[in-house]
Amino acid sequence: VEFAALPEVGAPLPRVQVRPYNLRELSQMRAMDPNAIDTLLTIRGMVVRSSPIIPDLKVAHFCCTICGTAVNVTIDRGRIAEPTRC
């Protein structure tokens, strides 16, 4: 048995897709609770509605085009307080 060399530190890892099937334990959507976070579950059902993922902005980064000053602003209740001067 030959082992491939490990990638260098900082090198990008290959993308891996896992598609389990024929699992014995099925979960119902309504029976799921916070204990299911970070666990692999099998769910059976029909998708009746879907929506796009809306990103949640936490910090905004502004950079002055004249002097190059950079400012990070935390978002408060969805409102961005844009800097008015450098």
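The values are calculated or read from the model by the stated rules, or taken from the named source; none is laboratory data. Computed from a predicted structure; not experimentally measured. Cβ coordinates were reconstructed from backbone atoms using ideal geometry, including for glycine residues, and neighbour counts include every protein chain displayed. The accessibility values were calculated without ligands, DNA or RNA, using every heavy atom of the protein model including side chains. Shrake-Rupley method; radii C 1.70, N 1.55, O 1.52, S 1.80 Å.
Would you please list the contacts, defined by Cβ atoms under 7 Å and residues six or more apart or on different chains, that run from a residue in the range 7-23 that is more than 13 Å from Leu40 (Cα to Cα) and touching a residue at least 60 places away in the same chain (Cβ under 8 Å) to a residue that is open to solvent by less than 100 Å² (accessible area, probe 1.4 Å) and outside any loop (DSSP other than H, G, I, E, B)?
Qualifying pairs under 7 Å: none.
In the range 16-74, what count of residues is obtained for those that are in contact with a strand residue (DSSP E or B) (Cβ under 6 Å, 6 or more places away or on another chain), closer than 30 Å to Thr84 by Cβ and of a type outside the set (Val, Ile, Thr)?
6
Residues checked against (1) under 25 Å from the mean Cα position of the chain (by Cα); (2) surrounded by 10 or more Cβ atoms within 10 Å (Cβ to Cβ):
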{"position": "Gly10", "(1), (2)": "yes, no"}
{"position": "Val16", "(1), (2)": "yes, no"}
{"position": "Arg24", "(1), (2)": "no, no"}
{"position": "Thr42", "(1), (2)": "yes, yes"}
{"position": "Pro55", "(1), (2)": "yes, no"}
{"position": "Val59", "(1), (2)": "yes, no"}
{"position": "Thr84", "(1), (2)": "no, no"}
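I'd like to verify a number: residues in the range 26-40 that are among the aliphatic types (A, V, I, L, M), closer than 30 Å to Gly78 by Cβ and open to solvent by 100 Å² or more (accessible area, probe 1.4 Å), how many?
The number of residues fulfilling the criteria is 2.
Report whether or not Ala81 is assigned to a loop (DSSP other than H, G, I, E, B) and at pLDDT below 80.
So Ala81 fails the test.
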